[in-house]
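Derivation of every value follows stated rules applied to the coordinates shown; laboratory data play no part. The structure displayed is predicted, hence computed values, not measured ones. Cβ coordinates were reconstructed from backbone atoms using ideal geometry, including for glycine residues, and neighbour counts include every protein chain displayed.
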Amino acid sequence: MSGETKILDAAASLFSARGVDAVSIREIAEAAGISKATVFHYFDSKDTLYQAVVRRSCEGIGAYVEQLVAREDSHSLAALADYHRRDFEEMQAHADVVRLVLRELTLGHDRQARALAEDVFGGQFIHLRRLLEKSQQAGTLRSDIDTGVAAVSMVSINLFLLLVWPVLRHLPDTPFVRMDTAAESMFSLLIHGLRESNHPKEQGK
């Protein structure tokens, strides 16, 4: 395991448990079994290290949405459903980092939030909008919707479920039995509102 990977693993664990502000570079170095100087060899600040932790957790979905945009059926509802399903899987796989980011955002660190938007989430957001635009151009989705709003709505479903699932599954007469099927149902409802009214319903959607 490389020194950089050890640092990222240690930082992700400590940040998730206690928050970025409460963790020192010295503690990260000790947890990684390396020197403090080695941490600064790879990362010039704790903020840079935090961004790297988040960026690593987003690599899978970032690469996947790029592939979807290049796919022959990228204009289809199936491509959007594939994105949403993969995003759900990636969020579950990196749930601790997702919760960390949301917790840090509530603290109001605007500089930190801006850096994440520009350096981590921006590319994924652009590609997801492109995927939605292709569906609009093909007549699959309504032309009057803002693709930015639609993109945020898609991602928000998975974020919401990840955060409040412990409550949802205990609601009286709850329709939420499994998180993955709940995500699919909510996505289907969203797509029903986005679909062009004269576009035929795709199989399984």
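Inter-part distance, region 79-98 to region 17-34, computed on C-alpha centroids, equals 27 Å.
Computed FRET efficiency, Cβ-Cβ of Leu171 and Glu4, R0 45 Å: what is it to the nearest 0.05? The partial results should precede the final answer.
Working: r = 43 Å, r/R0 = 0.97.
Given R0 = 45 Å and the Cβ-Cβ separation, E is 0.55.
Counting charges near Tyr64 (Lys, Arg +1; Asp, Glu -1) among other residues having Cβ under 11 Å from its Cβ returns a value of -3. Inter-label distance, Val164 to Lys36: 4.4 nm, where each label sits 7 Å from its Cα along the C-beta direction. When region 57-194 is described by a simple charge dipole with +1 on each Lys and Arg Cβ and -1 on each Asp and Glu Cβ, the residue from Gly62, Pro175, Val152 located farthest towards its positive end is Pro175.
Charges at C-beta only: +1 for Lys and Arg, -1 for Asp and Glu. How large is the resulting dipole of region 1-44 about its Cα centre, in Debye rounded to 20? Walk me through the numbers before you get to the answer.
Working: 4 positive and 6 negative charges, 18 e Å.
My answer is approximately 80 debye.
Rounded to the nearest 0.05, what FRET efficiency is calculated for Asp96 and Glu66 with R0 set to 22 Å and r the Cβ-Cβ distance? It comes out at approximately 0.30.
Could you check how many percent of all C-alpha pairs in the chain are farther apart than 20 Å? Can you show the working numbers first?
Details: 12918 of 20910 pairs.
Percentage above 20 Å: 62.
Counting helices only, and only those DSSP H runs with n ≥ 4, report the 222 nm mean residue ellipticity of the chain as the sum of -39,500 (n - 2.57) divided by its residues, in deg cm²/dmol to the nearest 500.
On the way: 10 runs with 145 residues, N = 205.
Rounded to the nearest 500, the figure is -23000 deg cm²/dmol.
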